[in-house]
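All remarks here apply to the structure that follows.
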There are 2 protein chains.
Amino acid sequence: MKLSEKKLLKKKEQILFSALEIINKRGYSGATMEEIAADLFMTKGSLYYYFKNKSDLMYQCHNFVLSHAIEDLEAILQHEKGSAADILKKMIEIHLEYAIDEKEVFNLIMDPKLYFNEEQLELVLKLRKKYENLFHEIIIRGIQNKEFHIAEPSIVRMIMLGAMNWVQQWYNPEGRLSKEDVITIYLEYIMKILM
Amino acid sequence: MKLSEKKLLKKKEQILFSALEIINKRGYSGATMEEIAADLFMTKGSLYYYFKNKSDLMYQCHNFVLSHAIEDLEAILQHEKGSAADILKKMIEIHLEYAIDEKEVFNLIMDPKLYFNEEQLELVLKLRKKYENLFHEIIIRGIQNKEFHIAEPSIVRMIMLGAMNWVQQWYNPEGRLSKEDVITIYLEYIMKILM
DNA sequence: TTAAAAATTAAATCTGGATTCAATAAAATG
DNA sequence: CATTTTATTGAATCCAGATTTAATTTTTAA
């Protein structure tokens, strides 16, 4: 790879990181090309040298975080050895950490229709489906195991995901509970659903 | 009240209902003054004779539905006689019905910062808090009753609300499950959390 | 060193609605 | 009926950002 290509990629990455930061601060709609550029001491015009348009950049950000989350879950799902319950717990923990630490970018609550074009939307939905599926897998495994006793794994999965995503609507790091507290408590109550 | 005032109120109400419909079809951002007016064979200009601006109209809509939901819950909370569990179940049922039937207007997932001004935002947040509080009350009642055995009622409430609100992200009336099915299943699993 | 390629810039333009407004039309009122 | 009040209209304006562009600067590489 030529030097110039490397530089291009590096710059793209810097912009991506800047965008991630701004999105986490202002949300997808609040993030302006202006502010993303200013963060790197550039002018908004030059962002278009690296990204086709705003929705392209937003998409890359969402994708970036979501893909990492998927990787993290897959790693656990494939390599962790414990019971289905233990693996699921680990997955919940990871999900909650993303939901809290990457509040806005990892925002599975936001309506992707608002920020992405048709093509991107399709990919995002596919990725979200894939993400959900990892939870589905472990739930099914637990049922087959006889660890979990539930008749509607899909609904249970949705209940769990909804409960977890909601954390970003109310959690305040300055509040009574630390992130770790919240995770512990969520784990306790969410796992009850499966019994 | 003068006739003209009555007419004014009636027209306002018509616009409100038109807006409710359009919002449920297109979401808050997708709803344009144009389309809301067209629905009543008016031009967008005249909407401003009745409402200060779009965010005013959107706010009235959100408020309208949320207030009705609160009334419904209050009625049950105050007059229903059964156990805390029974009352809570009834409340969950109502919540899910709003979340499904008024998918977009009764959208507690959407970020109110995006659509309302500061003053409206404050009122909306207050109303949401009030709504949440009704669930809090019954949970506390159940704990005091010894019906529920949980140490973190606030978190449990958030878990329940998140799970319920999420229904509007995935539920499809054309799918395998009827609204009634979903409610039944949700009830079963959500109530487990409290045991 | 120098020509080509890559990167940046500031300013102009575009955009999709919301919002305003002056001119009418319709309705109420006395 | 005449006048005032209420309601509606279409066209003009505004607006916040996104996007484009042509000109300029910087970097690369022979």
Practice problem: May I ask you to report, in nm to one decimal and beginning with the shortest, the distances from residue B:29 to the same position in the other copies, taking label points 7 Å along Cα-to-Cβ? | Solution: 0.6
Exercise. Would you mind telling me the share, in percent, of accessible area of segment A:54-192 contributed by carbon and sulfur at probe 1.4 angstrom?
Key: 49
Quiz item: P(r) of the protein assembly as shown in 20 Å steps, Cα pairs, percent per bin?
Solution: 24, 54, 20, 1
Quiz item: Can you give the alpha-carbon Rg of segment B:36-195 over 2.2 N^0.38 Å, where N counts its residues?
Solution: 1.18
Quiz item: Does segment B:58-104 come out rounded, prolate or oblate, given a ≥ b ≥ c as the square roots of the eigenvalues of its C-alpha gyration tensor, rounded meaning a/c under 1.5 and, failing that, prolate meaning a/b above b/c?
Solution: oblate
Self-check item: List A:12, B:113, A:44, ordered by accessible area with a 1.4 Å probe, largest first
Solution: B:113, A:44, A:12
Self-check item: Pseudo-label separations to other copies for residue A:71 - Cα-to-Cβ vector, 7 Å, nm
Solution: 5.4
Self-check item: Peptide B:107-115, shielding by other chains (average Cβ, 10 Å cutoff)
Solution: 4
Quiz item: If the cut-off is 23 Å between C-alpha atoms, which lysines fall inside it for residue B:179, apart from same-chain ones fewer than 8 positions away?
Solution: A:129, B:25, B:89, B:90, B:103, B:192
Quiz item: In bins 10 Å wide, starting from 0, what share of all Cα pairs of segment B:1-51 does each bin hold, as a percent?
Solution: 27, 52, 18, 4
Quiz item: Does anyone have the angle between helix B:179-192 and the longest principal axis of chain B? Alpha-carbon axes, 0 to 90°, nearest 10?
Solution: 40
Quiz item: Rounded to the nearest 500, what is chain B's calculated 222 nm mean residue ellipticity when only DSSP H runs of at least 4 contribute -39500 (n - 2.57) each, over all residues?
Solution: -24500 deg cm²/dmol
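Could you put B:178, A:18 in order of accessible surface area, largest first, with the 1.4 Å probe and the full protein assembly present? All intermediate terms of the calculation are to be shown ahead of the outcome.
On the way: B:178 45, A:18 5 Å².
Sorted by accessible area, descending: B:178, A:18.
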Exercise. For residue B:187, go 7 angstrom from Cα along the Cα-to-Cβ vector, then report the distances to that same point in the other copies in nm, smallest first.
Key: 3.3
Self-check item: For residues of A:148-160, the mean tally of beta carbons on other chains within 10 Å
Solution: 5
Quiz item: Counting other Cβ atoms within 10 Å, which chymotrypsin sites (Phe, Trp or Tyr not before Pro) in segment B:32-119 have at most 16 and lie in a DSSP loop?
Solution: B:41
Quiz item: Karplus couplings for segment B:75-82 from phi (6.51 cos²θ - 1.76 cosθ + 1.60, θ = phi - 60°), rounded to Hz, Gly and Pro as x?
Solution: 4, 5, 4, 8, 10, 5, 9, x
Quiz item: Round to a whole number: what % of the accessible area of segment B:1-51 belongs to carbon and sulfur, probe 1.4 Å?
Solution: 56
Quiz item: Total accessible area buried between chains A and B, 1.4 Å probe, in Å² to the nearest 100?
Solution: 2600
Quiz item: In a GNM of chain B with a 10 Å cut-off on Cα contacts, which of B:159, B:94, B:22 has the highest mean-square fluctuation?
Solution: B:159
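Quantify how strongly other chains surround peptide A:166-175 by giving the mean number of their Cβ atoms within 10 Å of each of its Cβ atoms. Let's see the in-between values first.
Values: counts 11, 4, 1, 8, 7, 1, 0, 0, 0, 0.
Whole-number average of other-chain Cβ neighbours for A:166-175 is 3.
Which whole-number value in Å² is the accessible area per residue of segment A:54-192, probe 1.4 Å? Kindly include the intermediate steps, with their values, before the conclusion.
Values: 6200 Å² over 139 residues.
Heavy-atom SASA per residue in segment A:54-192 reads 45 Å².
The values are calculated or read from the model by the stated rules, or taken from the named source; none is laboratory data. Only a predicted model underlies this, so the values are computations on that prediction, with no experimental measurement involved. Don't worry about glycine lacking a Cβ; one is built from the backbone with ideal geometry, like all the others, and counts go over all protein chains shown. Keep in mind that these areas ignore ligands, DNA and RNA; they rest on the heavy atoms of the full protein, side chains included. Shrake-Rupley method; radii C 1.70, N 1.55, O 1.52, S 1.80 Å.
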